[in-house]
Structures are given as structure tokens and as C-alpha cells.
Amino acid sequence: MASTRAAQRQTAGADPMQRLGTLLDQAERVLSRLEGLLGPQAQAPDWEGAQAFRWRRRGNQAWLQPVAHPALIRFADLQGIDEQRSRLERNTRQFVAGRQANNVLLTGARGTGKSSLVKACLHAFAGKGLRLVEMDKADLVDLPELVDLVRGRAERFVVFCDDLSFDQGEPGYKALKSVLDGSVAGSSDNLLVYATSNRRHLLPEFMQENLQATHDASGEVHPGEGTEEKVSLSDRFGLWLSFYPFDQEHYLRIAEHWLQVYGLSAQQARAAHSDALLWALERGSRSGRVAWQFARDFCGRKSR
């Protein structure tokens, strides 16, 4: 403090140009300290070097990490979800063509192909300029920075958030809501968010909140508004795709498909129905993921 006052007295007695130079030096030191606290802006990667990226953060450093070998999943490999596949494919086709398209929320039963469907979009449309950016929930506070980074580029970017849900007060919630709605800076027309979740409402609701909705002097005047806030995030996704548990017929159809992908004939795949059903019974679930895991195990054992 004493040194600051001495510098101020010294500046006051200097000529105007000297005072200006001293003030600029002080401002530069303050900005340097702020940059150290906030961290540097994320640098653009080699856009031509990859079709998929992961957003990474370590301390104050953030960057887009290229994915050298993204998962190669085809739409044809996803059985039993024809309606969901058709709607997501149509939305993505509109997006890469530069037409209007929606952010997408894929919700429902686990293992039914939600994440695989998003990855299949990259396989189908990468040649038309689609790029996939995987972003963890904890990093969604950086989403506005990513929007600024890709703004103006010719590629079309889908931000992929897998298994998305929020606890009360998590900071990524407001950042995501702002990007979905368009903040005061405006959203980028070359970026969409595709998110998967096992629950449709991305914030938890508690029975206690209903019990607290009293109409006495201590109760909230408008308790319904708190509930509306909890469900409002999912409303900001323009397209909802719901996924449901598979029945036995769909499960066996998926198992047959993967058995043939791994080298079995159609007749051999049908002959494995009883093994596939036993596998599902042991796992306590019939889903696309369980059918795929069965096919890998069954064909791996047969190839010995």
C-alpha cells in the first residue's frame, strides 16, 4: 500500500506523457494477473486432422483434443429403433445442409442405442462436414467458449453430452440453458447439442418439495414456478426422442444381426436364440447393448 501511494505521488509530479506511460504499465500488470487467474483461451486444433474431438480441461488450460480413431457405428447396425433413427438422421441431414435443425434430447431405457445413434451420425455425415465434440457434464461451463471457438467455421458441429443430468446448483446447468436458448451474444448457427439421459427431466425432483408447497405464512407464494424451473431445461431441446426397453422379439433380432456381423450365417444366428435368451436372463435385461455383448461372447467362444 505504501509503495502504491509513493508511485501515485511520483506519477502526480510527472509530465502527462510519463503519467500515461506509468498508468499503461500498471494496467498491463493488472491484465497479466487476471489472465493468470482466468487462464488462456482455448486454442483451435488442427480442424483437418480429425472428425471428432473431446473438450479437455486441466486447471486453467482448456483445449479440443482430436480423436484419432472415433467409433465407427453405422445406422444399419442399430436395430429396433427405426423411428428414432429416422428422426435423428433427418434432423442431422437438415443441419449439415445448412437448413434449420433442432437440439436433440435422447432419453429412456439404458442400453437401447441412444449414444450409438449419435455416433452413427458422425459416420454418416462426416463427409459432408459434420464434426462431433464430446463434452463432459462438468465442462459444460465452458460451452460458451466452445461456441465462440467454432463460430464462423464452415464445418457443422454437434456437441455430444452423454448421460446428462444435473444436481441442484451445478454450474453447467445455466451455461447449457443459455446456449440452447441463445444468450445475449447469440448462438452459433453451425452448432447443435445432442444429449442423452436416462431421465427426461434433467434435474431431480423430490417428494419433499411437494410437502413444502404450503399456503401458510412460511410457504412459497408461487411453488409451481420452482417446479417449472426444474423441467424447463429439457423443454429447450427442440426434438425429443424416447427409447423403451426391448421385447423379446426385438432383442433376438438385434442378437441375430450382431452374430452375423461377427461371421455367423443366418441359420447359425437363429439357432443361438436359446443362448441369447439365457444371457439376457442372467443379465436381467434385454437391450441392444446386452445383445451386442452376447454376440461378442458367443462368437468369441465359437472361434476357438
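The values are calculated or read from the model by the stated rules, or taken from the named source; none is laboratory data. This one's a predicted model, so the numbers in the text were calculated from it and none came from an experiment. Positions of Cβ are generated from backbone atoms using ideal geometry, with glycine treated the same way; all protein chains shown enter the neighbour counts.
Take the residues of the stretch 240-273 that are in a helix (DSSP H, G or I) and among the aromatic types (Phe, Trp, Tyr): which is nearest to TRP292 (Cα to Cα)?
Ranking the qualifying residues of the stretch 240-273, first place goes to TRP258.
List the pairs whose first member sits in the stretch 73-89 and is free of Cβ contacts under 8 Å to residues at least 40 places away in the same chain, whose second member is of a type in the set (A, V, I, L, M, F, W, C), and whose Cβ atoms are under 8 Å apart, counting only residues at least 6 apart or on separate chains?
Short answer, once both residue conditions are applied: ARG85/PHE75; ARG85/LEU78; ARG85/LEU117; ARG85/ALA120; GLU89/PHE75; GLU89/CYS121; GLU89/ALA124.
Residues to consider are ALA276, ALA255, ALA272, ALA280; find the one that is over 21 Å from GLY113 (Cα atoms), surrounded by 16 or more Cβ atoms within 10 Å (Cβ to Cβ) and not assigned by TED's automatic domain parsing to the domain that holds LEU78.
Going through ALA276, ALA255, ALA272, ALA280 in turn, just one is over 21 Å from GLY113 (Cα atoms), surrounded by 16 or more Cβ atoms within 10 Å (Cβ to Cβ) and not assigned by TED's automatic domain parsing to the domain that holds LEU78: ALA272.
Quick one: is GLN26 at pLDDT 60 or above, part of a loop (DSSP other than H, G, I, E, B), out of contact with any Pro (no Cβ under 9 Å at 6 or more places or on another chain) and surrounded by 10 or more Cβ atoms within 10 Å (Cβ to Cβ)?
Against the criterion (at pLDDT 60 or above, part of a loop (DSSP other than H, G, I, E, B), out of contact with any Pro (no Cβ under 9 Å at 6 or more places or on another chain) and surrounded by 10 or more Cβ atoms within 10 Å (Cβ to Cβ)), GLN26 does not qualify.
Kindly list the number of the only condition in (1) of a type outside the set (Asp, Glu); (2) modelled with pLDDT under 75; (3) surrounded by fewer than 12 Cβ atoms within 10 Å (Cβ to Cβ) that fails for LEU20.
Status for LEU20: all satisfied but (3).
Taking only the stretch 218-275 into account, find how many residues are modelled with pLDDT of 90 or more, of a type in the set (Lys, Arg) and within 31 Å of the chain's Cα centre (by Cα).
Residues in the stretch 218-275 being modelled with pLDDT of 90 or more, of a type in the set (Lys, Arg) and within 31 Å of the chain's Cα centre (by Cα): 1 in total.
May I ask you to list the residues in the stretch 239-254 that are under 27 Å from TYR194 (Cα atoms) and hydrophobic (A, V, I, L, M, F, W, C)?
Passing the criteria: LEU239, TRP240, LEU241, PHE243, PHE246, ILE254.
Would you check if ASN102 is in the same structural domain as LYS128 (by TED's automatic domain parsing) and under 16 Å from the mean Cα position of the chain (by Cα)?
yes
Taking the residues in the stretch 43-64 that are touching a Pro at 6+ places or on another chain (Cβ under 8 Å) and within 20 Å of ALA120 (Cα to Cα) as candidates, determine which candidate is surrounded by the fewest Cβ atoms within 10 Å (Cβ to Cβ).
Looking at residues that are touching a Pro at 6+ places or on another chain (Cβ under 8 Å) and within 20 Å of ALA120 (Cα to Cα), I get GLY49.
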